[in-house]
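Colleague: What follows is a structure written as structure tokens; I'll ask about it next.
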Amino acid sequence: MTERFFEIGVVVAKRTLKSPWAAHAWLPHAILPAAPAIAPWTRLGQDGDDETFYAGPAEVSLNGGSTGHYRDNLASGRPSLWVALRPTGGDEVEVAAVTADPYDGEALAEGVGEIVEAVPMPAEIQAKVTAFVEAFHVERVFTKRKRDRANPEALARHEPGGRTGTGEGGT
């Protein structure tokens, strides 16, 4: 059965900064193929001054109209999921979105204040996305639209209350 929605776990890193403006930064770090049975914001480990936390579960939604984008992502050599973190006030962040569509990931990066990173897609999720693409992808043939030819007679005519073909306004 091909899944359109599935739940994953998001791991984030809290990196210590040497900056007068901020003590640390939150960054998406990894994706777990399924949400584990632990509470969100459980500390998973520490490496020097940096810590990793299980931020919580998130839902990945696959759209039939985006199968070409998913296919491009899988064929890229580094299949990724894009994770957006949103500050909630103080030092806290929340998982705002997770997507397998690279173009949606790019759009998420345009959000003011959100932290968006591409993280490696686990093999189990690659298999789900591949199955979805195989089940629902329809190749669309690109057809270039042709422009209508300009009518020089219509361009030269003076329209009441409009403009003439000479570039001068008129009423």
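The values are calculated or read from the model by the stated rules, or taken from the named source; none is laboratory data. If you're wondering where the values come from, they're calculated on a predicted model, not measured in any experiment. We place every Cβ from the backbone using ideal geometry, glycine too, and count neighbours over all the protein chains shown. Only protein heavy atoms, including side chains, enter the accessible area calculation; ligands, DNA and RNA are left aside. Shrake-Rupley method; radii C 1.70, N 1.55, O 1.52, S 1.80 Å.
Colleague: Could you please let me know if residue 138 is open to solvent by less than 60 Å² (accessible area, probe 1.4 Å) and either part of a loop (DSSP other than H, G, I, E, B) or not acidic (Asp, Glu) (or both)? Give the derivation first.
Modeller: Numbers: open to solvent by less than 60 Å² (accessible area, probe 1.4 Å): no; either part of a loop (DSSP other than H, G, I, E, B) or not acidic (Asp, Glu) (or both): yes.
Taking the combined requirement at face value, the residue does not satisfy it.
Colleague: Taking the residues in the range 143-166 that are modelled with pLDDT under 75 and of a type in the set (A, V, I, L, M, F, W, C) as candidates, determine which candidate is most open to solvent (accessible area, probe 1.4 Å).
Modeller: Only one residue tops the list, namely 155.
Colleague: If you don't mind, another one. Among the numbered conditions (1) at pLDDT 95 or above; (2) farther than 23 Å from residue 126 by Cα; (3) of a type in the set (Asp, Glu), tell me where residue 7 comes up short.
Modeller: (2)
Colleague: Name the single residue, out of those in the range 79-117 being in a loop (DSSP other than H, G, I, E, B) and charged (D, E, K, R), that is modelled with the lowest pLDDT. Spell out how you get there, then give the answer.
Modeller: Of the residues in the range 79-117, the ones in a loop (DSSP other than H, G, I, E, B) are 79, 90-91, 100-101, 109-114.
Applying the additional criterion that residues be charged (D, E, K, R) yields 91, 101, 110, 114.
Working: 91: 83, 101: 96, 110: 89, 114: 91.
Ranking the candidates gives 91 first.
Colleague: Quickly run through the range 110-157 and pick out the residues that are out of contact with any helix residue (DSSP H, G or I) (no Cβ under 8 Å at 6 or more places or on another chain), β-branched (Val, Ile, Thr) and closer than 24 Å to residue 97 by Cα.
Modeller: 112, 115, 119, 125
Colleague: To continue, here is another question. Scan the range 67-78 and give yes if some residue there is assigned to a strand (DSSP E or B) and either touching a residue at least 60 places away in the same chain (Cβ under 8 Å) or under 12 Å from the mean Cα position of the chain (by Cα) (or both), otherwise no. Walk me through it before giving the result.
Modeller: Restricting attention to the range 67-78, the residues satisfying the condition of being assigned to a strand (DSSP E or B) are none.
No.
Colleague: Would you check if there is a residue in the range 40-49 being open to solvent by 40 Å² or more (accessible area, probe 1.4 Å), among the acidic types (Asp, Glu), part of a strand (DSSP E or B) and closer than 14 Å to residue 11 by Cα?
Modeller: Initial filter on the range 40-49 (open to solvent by 40 Å² or more (accessible area, probe 1.4 Å)): 40-44, 46-49.
Pick out the ones that are also among the acidic types (Asp, Glu) and you get 47, 49.
Right, trim to part of a strand (DSSP E or B) and you get 47.
Within this subset, residues satisfying the condition of being closer than 14 Å to residue 11 by Cα are none.
Scanning the range 40-49, I find no residue that is open to solvent by 40 Å² or more (accessible area, probe 1.4 Å), among the acidic types (Asp, Glu), part of a strand (DSSP E or B) and closer than 14 Å to residue 11 by Cα, so the answer is no.
Colleague: Which one of these is assigned to a loop (DSSP other than H, G, I, E, B) and either surrounded by 13 or more Cβ atoms within 10 Å (Cβ to Cβ) or in contact (Cβ under 8 Å) with a residue 24 or more places away in the chain (or both): 20, 36?
Modeller: On the way: 20 fails: either surrounded by 13 or more Cβ atoms within 10 Å (Cβ to Cβ) or in contact (Cβ under 8 Å) with a residue 24 or more places away in the chain (or both).
So the residue among 20, 36 that is assigned to a loop (DSSP other than H, G, I, E, B) and either surrounded by 13 or more Cβ atoms within 10 Å (Cβ to Cβ) or in contact (Cβ under 8 Å) with a residue 24 or more places away in the chain (or both) is 36.
Colleague: Could you list, in sequence order, all residues of the range 7-17 that are open to solvent by 50 Å² or more (accessible area, probe 1.4 Å) and either in contact (Cβ under 8 Å) with a residue 24 or more places away in the chain or over 22 Å from residue 48 (Cβ atoms) (or both)? Quick ask: steps written out before the conclusion?
Modeller: Kept after step one, since they are open to solvent by 50 Å² or more (accessible area, probe 1.4 Å), are these residues of the range 7-17: 7, 14-17.
Of everything in the range 7-17, those that are open to solvent by 50 Å² or more (accessible area, probe 1.4 Å) and either in contact (Cβ under 8 Å) with a residue 24 or more places away in the chain or over 22 Å from residue 48 (Cβ atoms) (or both) turn out to be 7, 14, 15, 16.
Colleague: Working only within the range 23-33, note down all residues that are closer than 17 Å to residue 121 by Cα and either in a loop (DSSP other than H, G, I, E, B) or more than 26 Å from the chain's Cα centre (by Cα) (or both). Before you say what the answer is, go through the steps one by one.
Modeller: We begin by selecting, within the range 23-33, every residue closer than 17 Å to residue 121 by Cα; these are 27-33.
Within the range 23-33, just 33 meets the criteria.
Colleague: Being assigned to a strand (DSSP E or B), surrounded by fewer than 16 Cβ atoms within 10 Å (Cβ to Cβ) and among the charged types (D, E, K, R): is that true of residue 59 here? First the steps, then the outcome.
Modeller: Numbers: assigned to a strand (DSSP E or B): yes; surrounded by fewer than 16 Cβ atoms within 10 Å (Cβ to Cβ): yes; among the charged types (D, E, K, R): yes.
For residue 59, the condition - assigned to a strand (DSSP E or B), surrounded by fewer than 16 Cβ atoms within 10 Å (Cβ to Cβ) and among the charged types (D, E, K, R) - is met.
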